[in-house]
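S.K.: Structure in structure tokens, see below.
The values are calculated or read from the model by the stated rules, or taken from the named source; none is laboratory data. Keep in mind that what you see is a predicted model, and the values were worked out from it rather than measured. With ideal geometry, Cβ positions are generated from the backbone for all residues, glycine too; neighbour counts draw on all protein chains shown. Surface accessibility is based on the protein's heavy atoms, side chains included, excluding ligands, DNA and RNA. Shrake-Rupley method; radii C 1.70, N 1.55, O 1.52, S 1.80 Å.
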Amino acid sequence: MAYDGFGPRIPAKHTSVLVMIDCRDGTHALADATQPQLHVTDLAATRGDGVFEAMLARDGVPCKPEAHLHRLQASAQAAELLDPGAPAWRDAIATALRASGPWPEALVKLVLSRGPEGSDTSTAWVLVSDCSEQHDAARRDGIDVLLLDRGYDSTLNTRAPWLMMGAKTLSYAVNMAAMRHARRNGADDVIFTSSDGHILEGPTSSVVIASHREGRVLLQTPPSACGILAGTTQALLFDAAQCLGWRTETTMLAPADIYAAEGAWLVSSIRLAAPINRLDGRELPRSQALNQQVLALLDVHPA
Ligand code: PLP
């Protein structure tokens, strides 16, 4: 893509591209991602007080940007954050992608923080980084997953809206700790369960299972009302599956449903779909054909 001459041309081959947004007027400017940009009192850094989105761009084109902007706006509203608004985000994303390298796949991260302590404006930025080939093996060969107790029941969300469970907040330290626990125990990823025994989500993904019913494929996922993030990839997958005549269902799931399924995936915007090979060390049935179909629905060609 051609560079539009806006600001300094920064990216070398693998350098991330940063665009900072001025939340007061919605304007933006390229900045140097290799240099410090945040104030030490920024509440994103000191309290994890902010929201974010992570979207994929393929060959410089953002994937389902409106779904991400819609969720970002909902998260910002839940956290009562000053949001520069969708047009400002769209312009900043376009500038960042124009200035980025010719990457087949890039991670486009949108971050909105409450800003420096005592200031009356948010901090917002778009960071684009090369992630080509990073997830090919997981998509193709699958992952091993541990079930971990999330420590709350599946109705907490309805009782405690102040927990902002459906918002994509920056507070991911627990999610990252769960991933490290999985890796220490020889697995690649995690599915959280509720204390009342239901499947919730992965630390950075939604859970989808597939089985054949009455001659058609049935895809199932848990409802976001049980306190999980409404996944944009799961929604896209279900829409595409319905166009093929597959059935889709949002329903409470238990670990037994995953063991009984013909296929199970962790789906998310950047890795897209990673088939689960083993759950808590127990082998899951895996259909290569179903995996190819799920990846094709997300428009990925397994490498
Ligand atoms: N659940 C959590 C906790 C996540 O962090 C993510 C993505 O990062 C997802 C689900 C999947 O959401 P999406 O498909 O929109 O990337």
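S.K.: Does at least one position in the stretch 97-107 carry a residue that is open to solvent by less than 70 Å² (accessible area, probe 1.4 Å), out of contact with any Gly (no Cβ under 8 Å at 6 or more places or on another chain) and within 17 Å of Ser75 (Cα to Cα)?
M.R.: no
S.K.: Taking into account only those residues within the stretch 50-94 that are of a type in the set (Asp, Glu) and open to solvent by 40 Å² or more (accessible area, probe 1.4 Å), which is nearest to the ligand (Cβ to nearest atom)? Step through it out loud before you land on a result.
M.R.: So the first thing to find is which residues in the stretch 50-94 are of a type in the set (Asp, Glu), and the list is 53, 59, 66, 80, 83, 91.
Next, only the ones that are open to solvent by 40 Å² or more (accessible area, probe 1.4 Å) stay: 59, 66, 80, 83, 91.
Numbers: Asp59: 19, Glu66: 12, Glu80: 21, Asp83: 18, Asp91: 22 Å.
Of everything passing the filter in the stretch 50-94, Glu66 is nearest to the ligand (Cβ to nearest atom).
S.K.: Which of (1) modelled with pLDDT of 95 or more; (2) among the polar types (S, T, N, Q); (3) open to solvent by 30 Å² or more (accessible area, probe 1.4 Å) is the odd one out, the single condition Thr158 does not satisfy?
M.R.: (1)
S.K.: I would also like to ask the following. List the number of the failed condition for Glu117; all other conditions in (1) at pLDDT 95 or above; (2) in contact with a Pro (Cβ under 6 Å, 6 or more places away or on another chain); (3) away from the ligand (no atom under 16 Å from the Cβ) hold.
M.R.: (2)
S.K.: Of all residues in the stretch 201-214 being in a loop (DSSP other than H, G, I, E, B) and within 15 Å of the chain's Cα centre (by Cα), which is nearest to Ala241 (Cα to Cα)? Don't jump to the end; show me each part of the working.
M.R.: Residues of the stretch 201-214 that are in a loop (DSSP other than H, G, I, E, B), as a first pass: 201, 203-204, 214.
Checking which are within 15 Å of the chain's Cα centre (by Cα) leaves us with 201, 203-204.
Numbers: Glu201: 20, Pro203: 24, Thr204: 22 Å.
Looking at the filtered set, the residue picked out is Glu201.
S.K.: Look at Tyr152 and say whether it is aromatic (Phe, Trp, Tyr) and surrounded by 18 or more Cβ atoms within 10 Å (Cβ to Cβ). Lay out the reasoning, then the answer.
M.R.: Numbers: aromatic (Phe, Trp, Tyr): yes; surrounded by 18 or more Cβ atoms within 10 Å (Cβ to Cβ): yes.
Yes: the conditions hold for Tyr152.
S.K.: Here's something else I'd like to know. Kindly indicate the residue of the stretch 201-214 that is open to solvent by less than 20 Å² (accessible area, probe 1.4 Å) and not polar (S, T, N, Q) and also farthest from the ligand (Cβ to nearest atom) among those meeting that condition.
M.R.: This residue is Ala210.
S.K.: Further question: Just the residues that are open to solvent by 20 Å² or more (accessible area, probe 1.4 Å) and acidic (Asp, Glu), please, taken from the stretch 171-200.
M.R.: If the condition is that a residue be open to solvent by 20 Å² or more (accessible area, probe 1.4 Å) and acidic (Asp, Glu), then Asp188, Asp196 are the ones that fit.
S.K.: Right, next: Mind telling me which of the residues Leu38, Leu72, Leu30 ends up being within 13 Å of the chain's Cα centre (by Cα), of a type in the set (A, V, I, L, M, F, W, C) and either part of a helix (DSSP H, G or I) or assigned by TED's automatic domain parsing to the domain that holds Ala106 (or both)? Before you say what the answer is, go through the steps one by one.
M.R.: Working: Leu38 fails: within 13 Å of the chain's Cα centre (by Cα); Leu30 fails: within 13 Å of the chain's Cα centre (by Cα).
One residue alone meets the criteria, Leu72.
S.K.: When residues of the stretch 105-153 are filtered for being within 30 Å of Gln288 (Cα to Cα), part of a loop (DSSP other than H, G, I, E, B) and out of contact with any Asp or Glu (no Cβ under 6 Å at 6 or more places or on another chain), how many remain? Write out each step before concluding.
M.R.: Initial filter on the stretch 105-153 (within 30 Å of Gln288 (Cα to Cα)): 105-108, 130-149.
Filter once more, so that each one left must be part of a loop (DSSP other than H, G, I, E, B): 131-135, 142.
Narrowing the set further to residues that are out of contact with any Asp or Glu (no Cβ under 6 Å at 6 or more places or on another chain) leaves 133-135, 142.
Number satisfying all stated conditions: 4.
Matching residues to (1) free of Cβ contacts under 8 Å to residues at least 40 places away in the same chain; (2) within 20 Å of Ile270 (Cβ to Cβ); (3) of a type in the set (Lys, Arg); (4) touching a helix residue (DSSP H, G or I) at 6+ places or on another chain (Cβ under 9 Å):
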| residue | (1), (2), (3), (4) |
| --- | --- |
| Ala29 | yes, no, no, yes |
| Thr41 | no, no, no, no |
| Gly48 | no, no, no, yes |
| Glu53 | no, yes, no, yes |
| Arg90 | yes, yes, yes, yes |
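S.K.: Part of a helix (DSSP H, G or I), within 16 Å of the ligand (Cβ to nearest atom) and either at pLDDT 95 or above or acidic (Asp, Glu) (or both): is that true of Val190 in this structure? Spell out how you get there, then give the answer.
M.R.: Details: part of a helix (DSSP H, G or I): no; within 16 Å of the ligand (Cβ to nearest atom): yes; either at pLDDT 95 or above or acidic (Asp, Glu) (or both): yes.
No.
S.K.: With (1) more than 15 Å from the ligand (Cβ to nearest atom); (2) in contact with a Leu (Cβ under 9 Å, 6 or more places away or on another chain); (3) modelled with pLDDT of 95 or more as the list, and Leu244 as the residue in question, which single condition is left unmet?
M.R.: (3)
S.K.: From the list Trp125, Trp103, which one is within 22 Å of Asp25 (Cβ to Cβ), within 20 Å of the chain's Cα centre (by Cα) and modelled with pLDDT of 95 or more?
M.R.: Trp125
S.K.: If you go through the stretch 268-284, how many residues are among the charged types (D, E, K, R) and farther than 18 Å from Glu201 by Cβ?
M.R.: Let us first name the residues in the stretch 268-284 that are among the charged types (D, E, K, R), namely 271, 278, 280, 282-283.
Filter once more, so that each one left must be farther than 18 Å from Glu201 by Cβ: 278, 282-283.
Here the count works out to 3.
S.K.: Name the strands (runs of 3 or more DSSP E) wholly inside the stretch 215-303 in which the number of residues that are open to solvent by 60 Å² or more (accessible area, probe 1.4 Å) is 3 or more.
M.R.: On the way: elements: 216-221, 247-250, 263-268, 272-279.
Ranges flagged: 247-250.
S.K.: Right, Pro223: within 23 Å of the chain's Cα centre (by Cα), more than 10 Å from the ligand (Cβ to nearest atom) and under 24 Å from Arg71 (Cβ atoms) or not? So that I can check it myself, show each step before the final result.
M.R.: Numbers: within 23 Å of the chain's Cα centre (by Cα): yes; more than 10 Å from the ligand (Cβ to nearest atom): yes; under 24 Å from Arg71 (Cβ atoms): yes.
Judged against the criteria, Pro223 is a match.
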